[in-house]
Every structure is written in structure tokens, then in C-alpha cells.
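**Q** What follows is a structure written as C-alpha cells; I'll ask about it next.
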Amino acid sequence: MIAVKNIRKSYGRLTVLNDISFDVSGGGIYAVLGPNGSGKTTFLKILLGMVIPDGGKVLFQGQDISRSHGYRTQIGYLPQIARFPDNLSVSEIIHMIADIRNQPSKPEPLIALFGLDKFMDKKLGNLSGGTRQKVNIVLTFMFDTPVIVLDEPTAGLDPVSLIKLKELINTAKSSGKIVLITSHIMSLVEELSDEIIFLLEGDIYFKGALSELKIKTGSNDLEHSIAAILEP
Amino acid sequence: MIKILKYSFSDLMRSRWSFIYLGFYLILGFVLLFLNNDLSKGIITLMNVIVVLTPMIGTIFGVMYFYNSREFTELLLAQPVKRSVIFLGQYLGISLSLSLSLIIGLGLPFLAYGIFRSGEIANFIMLLISGTCLTFIFVALSINIALFNSNKIKGFGYAILMWLFFAVIYDALILLSMIVFEDYPLDNYALVASFLNPIDLSRILILLKLDISALLGYTGALFQRFFGTSSGLLYSLLMLTCWVAIPVMLLLNRSRSKDF
């Protein structure tokens, strides 16, 4: 479904991604991991066409995504930092995105799930970081997209909402969707992910199941495996 | 694109600044007309205000809106919308809302004064056309500056410098060069030089339309010969259109390769 071929990207002299290639085909939860500044967000943004790679290409359902935009109807994206136009209200932004995407959307169950009803008329600029993140989640999950890209979805969420988010992700997985997720919360990754793509210094250091990574590093949990890779 | 345009436009209409800008023109229009009681004098005064003010407001609004709506732009970029549509929609949103403030703000006082019953209607329309063109030109130029500079302070600085260059420095340089080369025939040079600056071009267009080119002396006669004819007018409007089209193309081109 998603094929990444020889992607390169540098910002000035800093090479962020250096010849990255991999395939994601079946449904499941794929965790993109790596230390800070390893190019996780850059990679996800390349997939969405927000960052233009210096070389290589991304194929989405066999189609090159450069110069194309229609494929984004198939992707739900949750950006790392929930930033919205400050002077819009919650209900306005939900309507606006549904209107711009021109796709059927079901925001109501999600609004109820995260208890956003009482915030619907509030301006986005006046919301707390966690509430804004909930709006962010509603905007991502309200469309029925086969691919969901989550960049640090847990930022600012309280434990109750975190559990609800996990349920959402698991429901998406069981309906055969591809979920790409980045997170620094290792317990979350361990709990959810089927496959791990570990980026290190611009390369894919490891790609495979969680159990393989543990065997490779000889540790018994993910946190220590990662630490073993970063500080051998 | 209509959707992006609609949302940018309604976003700007919510902000107080559009109304302050509108209010300014309303007050200016009413005060000028009802204190002056002379339509053509009113138009000349307005011209002097418009050729300097619309580029300035266009420049400031252009950079300000672009930097402030970065979140909105990023949100849109992740949606299934073409990049060129996003940027063109936002550009038209700003330019149209500023132009509307100008047209409504000056239109109402002149309507109230009875512009349709006078012979000045053509001049007044010319004034509005050049004001609108200048708005579209300088919004496009300033968005370009913002696209090329991710640092807000730098972008703002360059934008103001750009306005200052076209509004003041350019004329000073032309004047200086004319003094230096005063022994040579400079009529065609002056004509071409004023053609290359949209502010000068608009000013001369209106001056000639008002038939006060005698103030410009011998060069004025030359200008009159060129701009006074319908082909001169056509060329000038064509030049103003180029001044809109080239920055817009540059903007779309730059937006295609920019990372967000």
C-alpha cells in the first residue's frame, strides 16, 4: 500500500533521511521510532506531501505521490503539535475540515467520547493543550481513511483520554487499517505496535516485529532495547 | 479553491483590521468631499493617499496574514487539496478583502455625494482600479517575501523595505539619475522608468486622466501623448496586470517546493 523508495532529505548540511526504503502493505500498527531529530516527523510529512524529499519517491497504492494530492483523501493525519487558527471555534473547525475534504465524516461519536460537547462553541485559542489535542484526534478519526498517521498522539492527554485513544487505534487496526505512529512513550508502543521501524542517523536501523528487536538487543523490554541501541 | 478563498476571506472579515481599514476610507472620503465640496480636488487628494497607502497596507497585511495563518496553512496542506489552490485561495482572500474595504470605503461617500451625476465618474473608477491593482500587486509581493523568509522579523523588515523602495527610494533614484544625466534627452527614459514601478505608473495614469499633465511640463506632454491615447491606457493596464501575474506565478512556484 505504501512503498518508500530511496528517500533522501537534508536541511542544509544536516542530513535527516539518507536513502530510506521500506514497504508497508497489510493492515496493522507500525511504530516509527528513533531518538529526537532522527527524522520521524520529516518522514511522516514527506508521506503527506508537506515536505518535499531531495530524492527518491513514495508510492501510495502504486502511484507516485509527488504532484498528486487526491491520495490524501485516504490518509488521516494527526500533527505533532495541535495548532489551529485561534479565532475559530471547535465546531467551526470540524465543519470546515469536513467541508474542505468533501468526504463523509462522523464527528459526533468522537465528540461524545472525549467529552468535547461543552467546548464546541469555544474559540480554539482559549482551549488548553490537552483539549486541543482531543480536537486534533476528532479531526483525524472522523473520516473513514484506510491509513492513519499519528505523530505523538499522546501529547498532553490525561490517562482517561489516553485509554480512549488506544481503543480508537485498536478499533482502526481491527478494521484492517494501517496506522503509522510515532511516540516517545515506550509502554504505549509496546502495547500497540505490530511492527517497529527504528530510524537512527538517517538510516533504518531496524525494521521488524517487537520480539525480534528484543532478541537482537538481548533486552527484555522495549525501553532497554532502545537504550541498548542508542548507548551500546 | 472557492472554499479556501471563502475561509480565508471570512477569517479576515472577523479580524478588526479590515473594519478599521474600511472605516478609515469612509471617514477620509466623507471628510474630503463634504469639507472640500469639489469632486476633482477630492479625487486628486485621494490619489495621493491611495498610491502610497494601498501598497503599504497590502504589504503589511500580506506578510502579517501569511505568518499568522501558518497553522491554518499546515492544517490545509495535510488535506487532499492542491498546494497551488491553497496559496492562490489565501492570496485572493487577502487581496479581495482589502480591495473591498477600499471600494466600499470610498464608494459610499462618493455615492452619497452623487458621483453618478457628475463627469468625474470615469476618473473615480480609474482611481479605484489602480488602488485595487496596487493592492493585488503588493499583497503578492509581500507573500513572496514571507515564503522566502521563515524568520518573521526578517520577512517583515524586507517587506517594509520593499514598500519603501517602490514608494520613495525608486523615485529618488530616478530623480538623481535625471540630474546626473540632464544633458541628455531623458523623455523616453522617464517614460520607461515610470512604467517599471507600479506606484509611479498608477500615479501618472490618474494624473493624466485628470488632465493636469501640464503640471509635468515637457515630459508631461510626452506622457500625455503616450498614456492619453487608448493604446497607452491599454499598455499601462497590461503592465499592471503583469505586475500582478509575475509575483503570483513566482509565489505558486515557490510554494510548490517549500517544506512545512
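**Q** Please report, ordered by residue number, the helices (runs of 4 or more DSSP H) entirely within segment B:148-217 with at least 3 residues that are touching a helix residue (DSSP H, G or I) at 6+ places or on another chain (Cβ under 8 Å) and modelled with pLDDT of 85 or more.
**A** Fully inside segment B:148-217 and qualifying: B:152-164, B:170-180, B:198-209.
**Q** Determine which member of the set B:41, B:3, B:82 is closer than 30 Å to residue A:67 by Cβ and without any contact (Cβ under 8 Å) to a residue 40 or more places away in the chain.
**A** Only one candidate qualifies: B:82.
**Q** Moving to a separate point now. For residue B:132, state whether it is open to solvent by less than 20 Å² (accessible area, probe 1.4 Å), more than 14 Å from chain A (Cβ to nearest Cβ) and either modelled with pLDDT under 90 or assigned to a helix (DSSP H, G or I) (or both).
**A** No; evaluated as a whole, the condition is false for this residue.
**Q** Keeping to segment B:239-260, report how many residues are open to solvent by 30 Å² or more (accessible area, probe 1.4 Å) and not in a helix (DSSP H, G or I).
**A** The total comes to 1.
**Q** Within segment B:37-55, is even one residue surrounded by fewer than 21 Cβ atoms within 10 Å (Cβ to Cβ) and under 19 Å from residue B:159 (Cβ atoms)?
**A** Scanning segment B:37-55 turns up at least one residue that is surrounded by fewer than 21 Cβ atoms within 10 Å (Cβ to Cβ) and under 19 Å from residue B:159 (Cβ atoms).
**Q** I'm trying to understand the selection: among the residues of segment A:41-64, which are open to solvent by 20 Å² or more (accessible area, probe 1.4 Å), more than 10 Å from chain B (Cβ to nearest Cβ) and either among the aromatic types (Phe, Trp, Tyr) or under 18 Å from the mean Cα position of the chain (by Cα) (or both)?
**A** Selection gives A:41, A:59.
**Q** While we're on this one: Quick check on residue B:85: is it of a type in the set (A, V, I, L, M) and farther than 23 Å from residue B:24 by Cβ?
**A** Yes: the conditions hold for residue B:85.
**Q** I'm trying to understand the selection: among the residues of segment A:92-112, which are buried (at least 18 other Cβ atoms within 10 Å of the Cβ) and among the small types (Gly, Ala, Ser)?
**A** Result: A:105, single match.
**Q** Exactly one condition in (1) within 30 Å of residue B:64 (Cα to Cα); (2) within 12 Å of another protein chain (Cβ to nearest Cβ); (3) not aromatic (Phe, Trp, Tyr) is not met by residue A:103; state its number.
**A** For residue A:103, the failing item is (1).
**Q** Quick check on segment A:70-91: of everything there that is farther than 21 Å from residue A:44 by Cβ and modelled with pLDDT of 90 or more, which residue is surrounded by the most Cβ atoms within 10 Å (Cβ to Cβ)?
**A** Selected residue: A:90.
For every residue, the table says whether it meets (1) touching a residue at least 12 places away in the same chain (Cβ under 8 Å); (2) out of contact with any strand residue (DSSP E or B) (no Cβ under 6 Å at 6 or more places or on another chain); (3) under 23 Å from residue B:80 (Cα atoms); (4) charged (D, E, K, R).
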residue	(1), (2), (3), (4)
A:22	yes, no, no, no
A:35	yes, yes, no, no
A:39	yes, no, no, no
A:44	yes, no, yes, no
A:52	yes, yes, yes, no
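**Q** Right, here's the next one. Take the residues of segment A:113-129 that are touching a strand residue (DSSP E or B) at 6+ places or on another chain (Cβ under 9 Å) and within 14 Å of chain B (Cβ to nearest Cβ): which is least open to solvent (accessible area, probe 1.4 Å)?
**A** It comes out as A:124.
**Q** Counting only residues that are in contact with a helix residue (DSSP H, G or I) (Cβ under 6 Å, 6 or more places away or on another chain) and farther than 21 Å from residue B:51 by Cα, how many does segment B:116-143 have?
**A** Adding up the residues that qualify gives 1.
**Q** Another question, if that's okay. Given the criteria out of contact with any strand residue (DSSP E or B) (no Cβ under 8 Å at 6 or more places or on another chain) and within 14 Å of chain A (Cβ to nearest Cβ), does residue B:21 qualify?
**A** no
**Q** Tell me, which residue of segment A:70-90 that is in a strand (DSSP E or B) and among the hydroxyl-bearing types (Ser, Thr, Tyr) is nearest to the other protein chains (Cβ to nearest Cβ)?
**A** It comes out as A:77.
**Q** Follow-up question, since we're still on this one. Of the conditions (1) assigned to a loop (DSSP other than H, G, I, E, B); (2) touching a helix residue (DSSP H, G or I) at 6+ places or on another chain (Cβ under 8 Å); (3) at the interface with chain B (Cβ under 10 Å from one of its Cβ atoms), residue A:67 fails just one. Which one is it?
**A** (2)
**Q** Can you tell me which residue within segment A:153-178, out of those that are under 15 Å from the mean Cα position of the chain (by Cα) and small (Gly, Ala, Ser), is modelled with the highest pLDDT?
**A** A:172
**Q** Something else now. Can you tell me which of (1) within 25 Å of residue B:17 (Cβ to Cβ); (2) away from chain A (no Cβ under 14 Å); (3) open to solvent by 10 Å² or more (accessible area, probe 1.4 Å) is the one residue B:91 doesn't meet?
**A** Every condition holds for residue B:91 apart from (3).
**Q** Take the residues of segment A:173-204 that are hydroxyl-bearing (Ser, Thr, Tyr) and open to solvent by less than 50 Å² (accessible area, probe 1.4 Å): which is nearest to residue A:40 (Cα to Cα)?
**A** A:182
The values are calculated or read from the model by the stated rules, or taken from the named source; none is laboratory data. Quick caveat, the model's predicted, so the values are computed rather than measured. Note: ideal-geometry Cβ built from the backbone for every residue, glycine included; neighbour counts use all protein chains shown. Just the protein is used for accessible areas: all its heavy atoms, side chains included, with ligands, DNA and RNA removed. Shrake-Rupley method; radii C 1.70, N 1.55, O 1.52, S 1.80 Å.
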